Amino acid sequence: MNEIELIRRQLAAERTHAGAVASACAAVGARAAGKADGGRGAEFAQACVDYLVCVLAWFEERDQRAGDLAHRLRPAETSAQRTLAEALAQPGRSREALEKLERAVAADNDAARRGDACGLWREFAHYFESVWSVRRETIDARLARSLRALDWRAVAGIDADSILEERRRYGRVRDALPAHVALPEAALPAPQSH
């Protein structure tokens, strides 16, 4: 496996894990999940939010670096520059997902006080799985056609520390799962060759 494939696999793992965390939270509302589980929902909610905020911030930073790269491409690469800029301009930025997450967390806190689940988690998960994910797939496809290993390294910002941090945060979510909440186990997608 070459370096680009390793980077793309880690990006795919982060997307898959974030989707699983969002889906688990949406299934019951993060804090409300702990009502029947000795208050474990607060720990679960915090682990979910910590994971999602970290990973979405990483993707937002990657988009910024990809945009910077698109502006630096040589004139002979104008087609790649244009298609990457178009992909980055699509709705579904990580910043927008973070705003939806923030609203879900605030509403979830209110819902937990009332003893019911929060629909904004479902809205967040739907946004994540549709608009955000479509944008990510488009960006990844455009990057796959035009980036060299050096560019992938610069845009992805992935190193051993970030991989371990992602695994630690995801493990914390798994460890905090209330008994009646399942974390969807999805197979990691294999990066597409272009």
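The values are calculated or read from the model by the stated rules, or taken from the named source; none is laboratory data. If you're wondering where the values come from, they're calculated on a predicted model, not measured in any experiment. Please note: Cβ atoms are built from the backbone with ideal geometry, for glycine as well, and neighbour counts cover all protein chains shown.
Okay, here's what the table says:
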item	result
Test set (1) small (Gly, Ala, Ser); (2) at pLDDT below 85; (3) outside any helix (DSSP H, G or I); (4) within 20 Å of the chain's Cα centre (by Cα) - GLY92 fails condition number	(2)
In the range 110-163, residue modelled with the lowest pLDDT [restricted to those that are among the polar types (S, T, N, Q) and surrounded by 15 or more Cβ atoms within 10 Å (Cβ to Cβ)]	SER146
Hey, ASP37 modelled with pLDDT under 80, assigned to a loop (DSSP other than H, G, I, E, B), among the charged types (D, E, K, R) and closer than 30 Å to LEU183 by Cα or not	yes
Residue list for the range 147-157, restricted to those being closer than 12 Å to ILE4 by Cβ and in a helix (DSSP H, G or I)	ALA149, LEU150, ASP151, TRP152, ARG153, VAL155, ALA156
Unique residue being within 21 Å of the chain's Cα centre (by Cα), modelled with pLDDT under 85 and part of a loop (DSSP other than H, G, I, E, B) when the list is ALA26, ALA30, ALA85, ALA45	ALA30
Test for LEU52: is it closer than 19 Å to ILE158 by Cβ, at pLDDT below 90 and assigned to a helix (DSSP H, G or I)	no
Where a residue in the range 124-150 is among the β-branched types (Val, Ile, Thr) and its partner, wherever it lies, is crowded, with 17+ Cβ neighbours inside 10 Å and assigned to a helix (DSSP H, G or I), with Cβ under 8 Å and at least six apart	THR138/ALA87; ILE139/ASP63; ILE139/ALA66; ILE139/LEU84; ILE139/ALA87; ILE139/LEU88
